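Before any comments, here is the structure.
The values are calculated or read from the model by the stated rules, or taken from the named source; none is laboratory data. Predicted, not measured: the structure shown is a model, and the values here were computed from it. Virtual Cβ from ideal backbone geometry, glycine too; neighbours counted across all protein chains shown. Keep in mind that these areas ignore ligands, DNA and RNA; they rest on the heavy atoms of the full protein, side chains included. Shrake-Rupley method; radii C 1.70, N 1.55, O 1.52, S 1.80 Å.
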Amino acid sequence: MRKIREVLRLKYELNCSNREIGLSCGIGRSTVGDYIQRVKLAGLKWP
């Protein structure tokens, strides 16, 4: 859960690219894309 929060924070607060987020969090670029896509499909928004 913490990693997903960090991905969303980096994406929506700092406007980082998926590559930058992946490097920062130690996950793959495609995993970052999957997280973001799942959040959008669930209808969630970053505060």
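In the range 28-47, the residues that are farther than 16 Å from Arg5 by Cβ form Cβ pairs under 6 Å with partners that are open to solvent by less than 90 Å² (accessible area, probe 1.4 Å) and assigned to a helix (DSSP H, G or I), at six or more places apart or across chains, as follows: Gly28/Gly22; Arg29/Asn18; Arg29/Gly22; Gly33/Asn18.
Could you tell me how many of the residues in the range 18-47 are open to solvent by 50 Å² or more (accessible area, probe 1.4 Å) and either in contact with an Asp or Glu (Cβ under 9 Å, 6 or more places away or on another chain) or assigned to a loop (DSSP other than H, G, I, E, B) (or both)?
Qualifying residue count for the region: 7.
Each residue in the range 1-17 was checked for being over 8 Å from the mean Cα position of the chain (by Cα), in a helix (DSSP H, G or I) and among the aliphatic types (A, V, I, L, M), and 0 pass.
Pairing residues of the range 1-16 that are touching a residue at least 12 places away in the same chain (Cβ under 8 Å) with residues that are open to solvent by 60 Å² or more (accessible area, probe 1.4 Å) and not in a helix (DSSP H, G or I), at Cβ distances under 6 Å and at least 6 apart in sequence or on separate chains, gives Leu8/Trp46; Tyr12/Trp46. For the range 7-17, the set of residues classified as open to solvent by less than 60 Å² (accessible area, probe 1.4 Å) and of a type outside the set (Lys, Arg) consists of Val7, Leu8, Leu10, Cys16, Ser17, listed by residue number.
With the requirement that a residue be out of contact with any helix residue (DSSP H, G or I) (no Cβ under 9 Å at 6 or more places or on another chain) and among the basic types (Lys, Arg), what does the range 5-47 give you? Of everything in the range 5-47, those that are out of contact with any helix residue (DSSP H, G or I) (no Cβ under 9 Å at 6 or more places or on another chain) and among the basic types (Lys, Arg) turn out to be Arg5, Arg9, Lys40.
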